[in-house]
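The block underneath contains the structure these notes are about, expressed in structure tokens.
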Amino acid sequence: MLQGKTVVLGVSGGIAVYKAVELLRLLVKAQAEVHVVMTRNACEFVTPLTFQTLSHNPVHTEMFNLYQEQEIGHISLAERADLFLVAPTTANLIGKLANGLADDLLSTSLMATRAPVLLCPAMNTNMYESPGCLRNQRRLIEDGYHLLDPVSGDLACGWQGKGKLPDPQQIFEAACSLLVTEDLRGVRLLVTAGPTREEIDPVRYLSNHSSGKMGYAIARVAAARGAEVTLISGPVALCEPAGVETLQIVTAVQMQQALDSRFETSDVVFKAAAVADYRPVQKATQKIKKMTESLSLQLEKNPDLLAELGRRKKRQILVGFAAETENLLANAQTKLEQKNLDLIVANDVTAEGAGFGSETNLVRLLFADGRQEELPLLAKDEVASRLLDRVAELLKKRANQA
Ligand code: CTP
């Protein structure tokens, strides 16, 4: 899959270095040419020999090693890269990059490269969430670096929380999506993601468990493939993707207004957001006090934003999502028809690995022409990639018909 691509794999010092070994194996298996650069601290965890044996290339560790500089100097490494991938990325390296500091081979090569850079932070959860580290990450995203969020779980330091390096397979898939060709250049793509919130009073709201990860993955991968992407996002805890225009909204009505402002000029719409179907008829101006034994809220229906787009669509390709807990295919088929969609992505949110907030998704695609396709359990970036492949085919077909 990665034949002809050169990946520079940077490894900085943390316990997760062992996962970089497996990541290297996956890259080599996909036929990428991989050159490894390790920091001194990384060498304390796993020896360069392991990386050298698996990459079939000398490992680079020293800035001023005459032999290594002569073999393939750090500038040449930076120039050769189609992708510069750093896993794990320590807080120290994040801090250096965010502030333009280069004091070793890895940070110098990173600064010298023009290739896309994918950083995979991994560290203690308090370090990850410290104001300085978060600020540095935001700065890196603004500077165009790609960051793969760490995952939550038991950390090597004995703590629990966000900070674990994702599985090598997930990093590999994120790397693949950055190495693909820009086949969506010139396509204007509108993506909605996350939940909407409908206010009850100044401190409470109605919402749902949508994490926004699927929609953000679509926006990120589409942008990497050259599309001009606008992301309309409900409140989520995700970083805005690099190179994507992101409009932050809260309610369904605000999402409707944002869609209205972009729909006419879009070629493709992915409606991945979980829009609240109902909102309170009245929003209390003051916090509702618990004066009574029971409380009834009167709700009114929100507009069905996707059905409205289905009525208005001319040349746009409309992709809907159906998150179901029962009768998956029948419900998805009804939505496909009733909302006048070209494609619906159906997922059973009760299935393992497919629920809200999960890093993976298990989906079935239903097309307007009756075709169906089942995808295996995949990381959300990879699901996004497959969906974009299908949409690229539909666009091509439409262009041929015109
Ligand atoms: N959708 C929308 N506006 C709404 C509700 C849903 O645009 N008010 C879109 C979603 O973004 C999704 C698709 O419609 O792409 C299906 O959403 P889903 O919540 O699965 O179904 P609903 O149409 O809301 O129907 P139900 O809740 O009865 O399953």
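The values are calculated or read from the model by the stated rules, or taken from the named source; none is laboratory data. All of these numbers come straight from a predicted model, not from anything done at the bench. Using ideal geometry, Cβ is built from the backbone for each residue, glycine included, and neighbour counts are taken over all protein chains shown. For the accessible areas, the whole protein counts, side chains as well, though only heavy atoms, and no ligand, DNA or RNA atoms are used. Shrake-Rupley method; radii C 1.70, N 1.55, O 1.52, S 1.80 Å.
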Projected onto their principal axes, the Cα atoms of the stretch 73-141 stretch, largest extent first, over whole-Å spans of 36, 19, 18
Potential lengthening between residue 18 and residue 324 on full extension [0.36 nm per residue; Cα-Cα distance subtracted]: 106.3 nm
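Over all directions, what mean area does the Cα convex hull of the stretch 223-269 project, stated in square nanometres?
3.5
Grab the beta carbon distance between residue 57 and residue 377, set R0 = 41 Å, and tell me the FRET efficiency rounded to 0.05. Mind dumping the intermediate values first?
Details: r = 33 Å, r/R0 = 0.80.
Once the sixth-power term is evaluated, E becomes 0.80.
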Reported to the nearest 10 Å², residue 56 has, with a 1.4 Å probe, an accessible area equal to 140
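Want the number for residue 369 to residue 82: 0.36 nm per residue separation, take away the alpha-carbon distance, what's left?
Numbers: separation 287, 0.36 × 287 = 103.32 nm, distance 3.82 nm.
Contour length minus Cα-Cα distance gives 99.5 nm.
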For the stretch 188-401, which whole percent of the accessible surface, found with a 1.4 angstrom probe, sits on carbon and sulfur atoms? 47
One would report the Cα pair-distance distribution of the chain, bin width 20 Å, in %, as 26, 51, 21, 2
What list of ³J(HN,Hα) values in whole Hz, one per residue of the stretch 164-180 in order, does the Karplus curve 6.51 cos²θ - 1.76 cosθ + 1.60 (θ = phi - 60°) give from phi, with Gly and Pro shown as x? 6, 5, x, 4, x, 4, 5, 5, 4, 5, 5, 5, 4, 5, 8, 9, 6
Setting aside same-chain residues fewer than 8 positions from residue 271, which lysines have a Cα under 30 Å from its Cα? 162, 213, 283, 301, 313, 314, 335, 339, 380, 396, 397
Residue 205's amide H: which non-local residues (gap 5+, or another chain) put their own amide H closer than 5 Å, with H modeled 1.01 Å from N in plane and none for Pro or chain starts? 200
Once phi is turned into ³J(HN,Hα) by the Karplus curve 6.51 cos²θ - 1.76 cosθ + 1.60 with θ = phi - 60°, what whole-Hz value does each residue of the stretch 374-386 show in order, with x for glycine and proline? 9, 9, x, 5, 9, 4, 4, 4, 6, 4, 4, 4, 5
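For residue 334 and residue 160 in one chain, what is 0.36 nm times their gap in residues minus the Cα-Cα distance, to one decimal in nm?
That works out to 58.4 nm of additional length.
At most 13 other Cβ atoms within 10 Å and a DSSP loop assignment: could you name the GluC sites (Glu not before Pro) in the stretch 327-389 that fit?
352
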Kirkwood Rh in Å, taken over the stretch 94-196 so that all alpha-carbon pairs contribute: 15.7
Based on the Cβ-Cβ distance from residue 245 to residue 204, what FRET efficiency comes out when R0 is 35 Å, to the nearest 0.05? 0.70
Between residue 167 and residue 102, with labels modelled 7 Å along Cα→Cβ, what's the label distance in nm to one decimal, could you check? 3.6
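Taking only DSSP H segments of four or more residues, each worth -39500 (n - 2.57), what value at 222 nm results for the chain once the sum is divided by all its residues, to the nearest 500 deg cm²/dmol? Can you show the working numbers first?
Working: 15 runs with 149 residues, N = 402.
Taking each H run of at least 4 residues, the total per residue is -11000 deg cm²/dmol.
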Computed ³J(HN,Hα) along the stretch 142-155: with the Karplus parameters 6.51/-1.76/1.60, θ = phi - 60°, integer Hz and x for glycine or proline, the list is 4, 7, x, 6, 9, 10, 9, 4, x, 9, 8, x, 6, 9
Which residue, 372, 165, 344, has the largest displacement toward the positive end of the dipole of the chain when charges sit on each Cβ (Lys, Arg +1; Asp, Glu -1)? 344
Across the alpha-carbon set of the stretch 6-179, Rg over Rh with Rh taken as the Kirkwood radius works out to 0.93
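Within the P(r) computed for the stretch 188-401, what percentage of the Cα pairs occupies the region above 22 Å? Working shown, then result.
Values: 11384 of 22791 pairs.
Roughly 50 percent, rounded to a whole number.
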Given H placed 1.01 Å from N in the peptide plane, which residues other than close sequence neighbours of residue 232 have an amide H under 5 Å from its amide H? 191, 192, 193, 247
Just how large is the dipole of the stretch 6-179 about the Cα centre, in debye to the nearest 20, putting +1 at every Lys and Arg Cβ and -1 at every Asp and Glu Cβ? 280
